[in-house]
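The structure appears below as structure tokens.
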Amino acid sequence: MPTPDEYESVDAAIDDLADRYARYVYLQDVGNLVRWDQQVTMPEGGTPARAKQLGALSTASHESLTDPEIGSLLDAVEGSLQRNDGSLSDDAAIVREIRREYDRAASVPAELVAELSEHRAESQAVWRDARAAADYDAFAPRLEKLIDLERQRSAAIDPDRDPYVVQYEDRQPFLPLERVDAIFDELREHLVPLLDRIRSAGRTLPDLFEGTYDTAAQEALYRDALDLLGYDWDRGRLDVSAHPFTSGTQFDSRVTTRFDESSPIPGLLATVHEFGHATYQLGLRGDAYGSPLGQSRSAGVHESQSRFWENHVGRTKPFWELFLPTLQEHFPSLEDATVDELYAAVNRIYPENPIRVEADELTYHLHIILRCEIDGALVRGDLDVDEVPGVWNRKMDEYLGVVPETDAEGCLQDIHWSSGLAVFHGYTVGSVLAAQLDAAMREDLDVDGLIREGEFDRLREWHEEHVHRHGRRYPTDELIEEATGEPLTAEHFIEYVDEKFAELYGL
């Protein structure tokens with residue numbers, strides 16, 4: 001194996017670095033495929049073996065990324081990539097991203113990586129059973145152990161920093177938590193009074209859905225929606241899981257959905273949401289697979305894509321002008337429903353709803369803020385695990401005026417705390433960014449007209465041009481400015497919800 005000094009050129013050293021990093025990405029993607037199988041097709045009894053398999057994969061990918069030769073190559077090429085005009089080359093962006101991942105990973109012992117991976121895999125099954133039984137005490141020891149392991153990992157990466165910030169940066173790099181916290185404060189201060197005004201207005205939007213809705217017909221409806229939006233079935237598939245999600249690469253991006261027999265709308269919106277995630281994956285550069293330039297930027301940017309398609313397409317009146325006949329074809333009981341009624345129904349506010357994934361477009365963010373406040377307190381040691389149900393219920397009452405009847409409807413409802421902390425910020429960051437992207441897109445395109453005509457390729461191409469094709473070339477904050485012309489701001493989201501819900505509720 002040649003040393004960095006023995007390479008003929010910096011380019012040759014970068015090529016070797018890129019090849020080594022690509023092998024790490026391939027192992028990560030195999031792990032993601034195995035996790036997809038765990039949630040979609042694996043029999044329940046497979047958990048013990050799957051935990052060991054994921055532990056082994058995590059160890060192998062960790063060893064691949066932390067190979068000392070990668071560190072030596074980074075040392076050799078850094079400082080040789082600055083252009084005279086100060087602009088950023090592709091190689092410099094690649095080296096920046098690999099350096100960040102390498103430094104974080106190399107700080108963490110391989111034994112801790114394996115233990116974390118096994119614990120997460122085992123905890124998913126424990127969480128599933130605990131939620132079904134509404135038994136928080138059965139899950140609490142798993143959460144307590146996860147917090148301890150994550151604190152160890154944070155201390156290994158940087159013992160002098162807030163462990164919660166270290167964990168937040170796993171999923172939201174280059175977007176300071178202080179900035180996101182300020183946006184969350186702004187949203188909380190605006191949304192709680194807005195919800196009070198909606199309650200006081202006394203207007204009730206229609207609830208069109210009565211009886212039961214066949215799940216086979218729902219699946220057929222969701223497949224029609226994906227066809228209409230332009231989902232690439234040659235590179236994707238639709239399955240069912242307890243918690244809808246998307247997994248894959250630019251060559252294979254799979255979505256899952258769920259069914260609610262009382263209404264076809266929650267599953268439809270979940271499917272459109274996951275389609276947004278899939279478009280991001282499928283829109284990444286195929287020729288950069290295995291490179292940071294072929295990877296999505298962050299959890300928040302990813303969520304901006306799903307929130308755009310769910311809220312700024314799927315919840316709009318132009319979409320229902322187009323899609324209502326398809327809904328009625330699958331569910332003839334809705335043949336008398338009008339576009340205005342469907343538009344109002346899919347945007348109805350449900351403050352009394354305790355479930356995040358069933359939340360409306362406004363209350364959703366109070367669900368997210370509540371979770372971020374609780375898991376931040378857990379990681380920082382300001383809240384004990386056994387206090388979570390009580391604090392959860394108090395915050396639900398304060399923010400939304402509803403108290404869950406059981407922990408299954410409260411602190412056990414999300415799968416996320418079986419696998420990590422500081423995982424929720426991206427959902428609201430994504431919604432805020434989706435509104436900002438929508439505002440920027442409207443400067444270039446007749447968005448409503450394109451939706452009404454079913455010209456979704458134009459919307460997807462805009463996102464590919466402004467977001468997808470860049471991969472991780474830009475840090476998160478710079479990518480947002482590159483795409484929208486301004487830093488991340490809550491201004492567009494607040495203007496959007498104020499205008500939309502003032503009209504719907506006569507405020």
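Got a sec? Charge dipole of the chain, +1 on Cβ for Lys and Arg, -1 for Asp and Glu; which of Leu488, Gly294, Pro354 is way out at the positive end?
Selected residue: Pro354.
Can you grab the distance from the C-alpha centre of segment 96-120 to the C-alpha centre of segment 255-331, Å, no decimals?
Distance between centres, Cα-based: 31 Å.
In whole percent, what relative contact order does segment 166-312 give with Cα contacts below 8 Å and a gap of six or more residues?
21
Could you tell me the relative contact order of segment 78-219? Use alpha-carbon pairs under 8 Å, at least six residues apart, and round to a whole percent.
15
Given that just one value was derived from the coordinates, which of [x] 75, 52, 43; [y] 77, 54, 50; [z] 72, 64, 42 is Cα extents along the principal axes in Å?
Checked against the structure: label [x].
Can you give the relative contact order of segment 323-424 as a percent, counting alpha carbon pairs under 8 Å and 6+ residues apart?
Value for segment 323-424: 25 percent.
Can you give me the angle between helix 47-65 and the longest principal axis of the chain, using Cα atoms only, in degrees from 0 to 90, rounded to the nearest 10?
In the chain, helix 47-65 runs at an angle near 50 degrees to the longest axis.
Using only the alpha-carbon atoms, how far is helix 177-201 inclined from the longest principal axis of the chain? Give it as 0 to 90 degrees, nearest 10.
Value to nearest ten degrees: 0.
What does the charge count near Gly426 come to, summing +1 for each Lys or Arg and -1 for each Asp or Glu among other residues with Cβ under 9 Å from its Cβ?
Computed value for this residue: 0.
What is the angle, in °, between the Cα long axis of helix 110-133 and the longest principal axis of the Cα atoms in the chain? Nearest 10 is fine, range 0 to 90.
20
First select every other residue whose beta carbon is under 10 angstrom from the beta carbon of Val40; then total the charges, Lys and Arg +1, Asp and Glu -1.
So the surrounding residues net to +1.
Calculated FRET efficiency, Asp448 and Glu481, Cβ-Cβ r, R0 41 Å, to nearest 0.05?
The computed FRET efficiency comes out at 0.95.
What whole-number distance in Å separates the alpha-carbon centres of segment 174-231 and segment 473-488?
Segment 174-231 and segment 473-488 have Cα centres spaced 25 Å from each other.
Using the charge dipole of segment 4-161 (Lys, Arg: +1 at Cβ; Asp, Glu: -1 at Cβ; taken about the Cα centre), state which of Val34, Leu81, Ala60 has its Cα farthest towards the positive end.
Val34
Coordinate-derived values only; no laboratory data. Please read these numbers as outputs of a predicted model, since none were measured by experiment. Here Cβ is always computed from backbone atoms with ideal geometry, including for glycine, and neighbour counts include all displayed protein chains.
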